[in-house]
Amino acid sequence: MTRRECPALTDARLLVVKIGSALLVDRKTGKLRESWLTGLAQDVAEAQARGAGVILVSSGSIALGRSTLGLTEGNLPLEQSQAAAAVGQIELARAYQSALAPHGISAAQILVTLEDSEDRRRYLNVRATLETLLGLGVVPIVNENDTIATDEIRFGDNDRLAAQIAVTVGADQLVLLSDVDGLYDANPAEVPAARRYDIVEHITPEIEAQAGDAASGLSRGGMKTKLMAAKTATKAGCALAITEGSVERPLLALQNGANCTWFLTEGDPQVARKRWIASMKPRGEITVDGGAVRALEGGKSLLPAGVTGVSGRFGRGEPVAIIGPEGRLGQGLCRYTSAEARAIAGHRSGDIQEILGYPGRAALIHRDDMAI
């Protein structure tokens with residue numbers, strides 16, 4: 001089989017970048033590394049100038065907050081960690097806002113928990129918000145909501161959170177900026193002859209067995225969590241890179257050939273997402289007219305005006321079959337409950353607020369949530 005080449009960062013249509021605490025916060029002083037963040041902001045601005053959407057998944061709120069509050073080093077009790085996060089989240093958001101503003105770029109803060117990716121309604125809300133922000137040229141800054149998350153509702157590390165965000169928005173590339181420059185076949189700190197993988201086409205049990213633990217005192221995630229993130233991302237059609245990120249222009253360095261490991265994917269993220277939607281068991285059916293069929297086959301979203309009937313009981317974000325005059329067309333994730341869908345069926349999108357009593361989304365099923 002022919003060896004595949006590494007992806008080019010300049011080809012990314014939608015790029016997710018994960019930033020570890022050890023890169024953003026000086027371990028000795030507990031203060032923000034402002035010059036490093038300035039360089040990252042320049043990288044982000046250049047990516048946007050190329051036409052790429054950028055999402056940053058950033059650690060650092062607890063590290064910044066504990067410094068401000070004067071909390072001791074080492075593991076903190078849950079209550080102190082959440083207090084530190086509450087203080088640090090404000091500092092983190094302000095830092096990104098200040099770094100991006102000179103480039104004419106606005107930042108937005110998105111705080112999530114594991115539950116937000118497991119619940120279909122919340123998942124659609126997160127996806128819709130991120131897509132809207134990206135469409136407006138805003139850079140979302142995503143972090144786990146450490147102020148409320150407890151162990152049972154945590155991602156636990158931002159490597160896996162970044163992978164889930166990449167899957168949620170259909171990103172084609174994910175970069176994990178870390179304190180290591182890739183995946184090795186042994187711990188390079190212990191084995192000087194350890195070999196770094198430039199490309200991983202398939203994550204084998206042998207590769208998984210070679211993963212070690214976190215090296216940084218500020219970081220929760222080790223190589224095991226990075227491999228878990230790589231599995232999640234690549235299955236959804238998103239290539240993933242692990243690279244050492246402490247240089248002041250980390251994305252430019254990666255673009256220019258810095259040491260890294262690329263985990264390759266076998267397909268396009270949008271194709272993978274539609275395959276995932278098509279594999280679900282539908283909870284109901286939405287019948288559409290001929291005009292809607294032509295619109296859907298032309299790549300449009302399904303609007304309420306084209307709906308002639310709704311059957312079954314389903315919640316917001318659950319899969320439904322789409323039925324045309326000639327039979328089944330496909331299925332998608334409905335942005336309304338079955339009761340809401342029945343109420344607005346056949347009506348214009350502009351009438352939704354009057355019918356339901358609150359403003360809704362224009363599309364019943366968005367084209368990105370549909371497999372035709």
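For S35, the test of being out of contact with any His (no Cβ under 8 Å at 6 or more places or on another chain) and either surrounded by fewer than 19 Cβ atoms within 10 Å (Cβ to Cβ) or closer than 19 Å to A163 by Cα (or both) is passed.
What's the total number of residues in segment 220-239 that are outside any helix (DSSP H, G or I) and either among the charged types (D, E, K, R) or outside the structural domain of C260 (by TED's automatic domain parsing) (or both)?
Here is the first cut: in segment 220-239, the ones outside any helix (DSSP H, G or I) are 220-222, 236-239.
Going one step further and asking which of them are either among the charged types (D, E, K, R) or outside the structural domain of C260 (by TED's automatic domain parsing) (or both), we end up with 220.
Summing the residues that are outside any helix (DSSP H, G or I) and either among the charged types (D, E, K, R) or outside the structural domain of C260 (by TED's automatic domain parsing) (or both) in segment 220-239 gives 1.
Does segment 259-266 contain at least one residue that is within 24 Å of L356 (Cα to Cα) and touching a residue at least 24 places away in the same chain (Cβ under 8 Å)? Before you say what the answer is, go through the steps one by one.
If we filter segment 259-266 for residues that are within 24 Å of L356 (Cα to Cα), which is where we start, we get none.
Scanning segment 259-266, I find no residue that is within 24 Å of L356 (Cα to Cα) and touching a residue at least 24 places away in the same chain (Cβ under 8 Å), so the answer is no.
Only one of the listed residues (A128, A93, A108) is modelled with pLDDT of 85 or more and over 30 Å from P319 (Cβ atoms). That residue is A93. Out of curiosity, is L303 in contact with a helix residue (DSSP H, G or I) (Cβ under 7 Å, 6 or more places away or on another chain) and farther than 19 Å from R120 by Cα? In short, yes. For Q89, the stated conditions do not hold, so it cannot be described as out of contact with any helix residue (DSSP H, G or I) (no Cβ under 6 Å at 6 or more places or on another chain) and in the same structural domain as A239 (by TED's automatic domain parsing). Within segment 69-85, residues that are at pLDDT 80 or above sit with their Cβ atoms under 6 Å from residues that are in a helix (DSSP H, G or I) and among the hydroxyl-bearing types (S, T, Y), at 6+ positions apart or across chains, in these pairs: A85/S61.
Conditions (1) over 24 Å from A63 (Cβ atoms); (2) assigned to a helix (DSSP H, G or I); (3) touching a Ser or Thr at 6+ places or on another chain (Cβ under 6 Å); (4) of a type in the set (A, V, I, L, M, F, W, C), marked per residue:
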{"residue": "A93", "(1), (2), (3), (4)": "no, yes, no, yes"}
{"residue": "Y96", "(1), (2), (3), (4)": "no, yes, no, no"}
{"residue": "P102", "(1), (2), (3), (4)": "yes, yes, no, no"}
{"residue": "I110", "(1), (2), (3), (4)": "no, no, no, yes"}
{"residue": "R122", "(1), (2), (3), (4)": "yes, yes, no, no"}
{"residue": "N125", "(1), (2), (3), (4)": "yes, yes, no, no"}
{"residue": "L133", "(1), (2), (3), (4)": "yes, yes, no, yes"}
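Annotation: of all residues in segment 67-99 being buried (at least 24 other Cβ atoms within 10 Å of the Cβ) and not aromatic (F, W, Y), the one that is nearest to I141 (Cα to Cα) is L92.
Contact annotation: residue pairs with Cβ atoms under 7 Å, 6 or more positions apart or on different chains, pairing a residue in segment 358-372 that is touching a residue at least 12 places away in the same chain (Cβ under 8 Å) with a partner that is acidic (D, E), are I372/E297. The set of residues in segment 75-91 that are of a type outside the set (A, V, I, L, M) and touching a Ser or Thr at 6+ places or on another chain (Cβ under 6 Å) comprises Q82, G88, Q89.
Which fully enclosed strands (runs of 3 or more DSSP E) of segment 240-354 have 3 or more residues being surrounded by fewer than 16 Cβ atoms within 10 Å (Cβ to Cβ)? Walk me through how you get there before you give the answer.
On the way: elements: 260-263, 284-288, 307-312, 319-324, 327-333.
Output list reads 307-312.
Listed here are the residues, each with its yes/no results for (1) of a type outside the set (S, T, N, Q); (2) part of a strand (DSSP E or B); (3) not assigned by TED's automatic domain parsing to the domain that holds R13.
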{"site": "A163", "(1), (2), (3)": "yes, no, no"}
{"site": "T168", "(1), (2), (3)": "no, no, no"}
{"site": "L174", "(1), (2), (3)": "yes, yes, no"}
{"site": "V180", "(1), (2), (3)": "yes, no, no"}
{"site": "E190", "(1), (2), (3)": "yes, no, no"}
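If only residues of segment 196-224 that are surrounded by fewer than 11 Cβ atoms within 10 Å (Cβ to Cβ) and either of a type in the set (A, V, I, L, M) or modelled with pLDDT of 85 or more (or both) are counted, the one that is nearest to R27 (Cα to Cα) is A209. Looking at R33, R66, R50, just one residue is out of contact with any Lys or Arg (no Cβ under 9 Å at 6 or more places or on another chain), of a type outside the set (S, T, N, Q), without any contact (Cβ under 8 Å) to a residue 12 or more places away in the chain and more than 30 Å from R316 (Cβ to Cβ), and that residue is R33. A single entry from S301, S311, S246 fulfils the requirement of being within 26 Å of R13 (Cβ to Cβ) and not β-branched (V, I, T): S301.
The values are calculated or read from the model by the stated rules, or taken from the named source; none is laboratory data. Only a predicted model underlies this, so the values are computations on that prediction, with no experimental measurement involved. Here the Cβ is made from the backbone with ideal geometry for all residues, glycine too, and neighbour counts use every protein chain on show.
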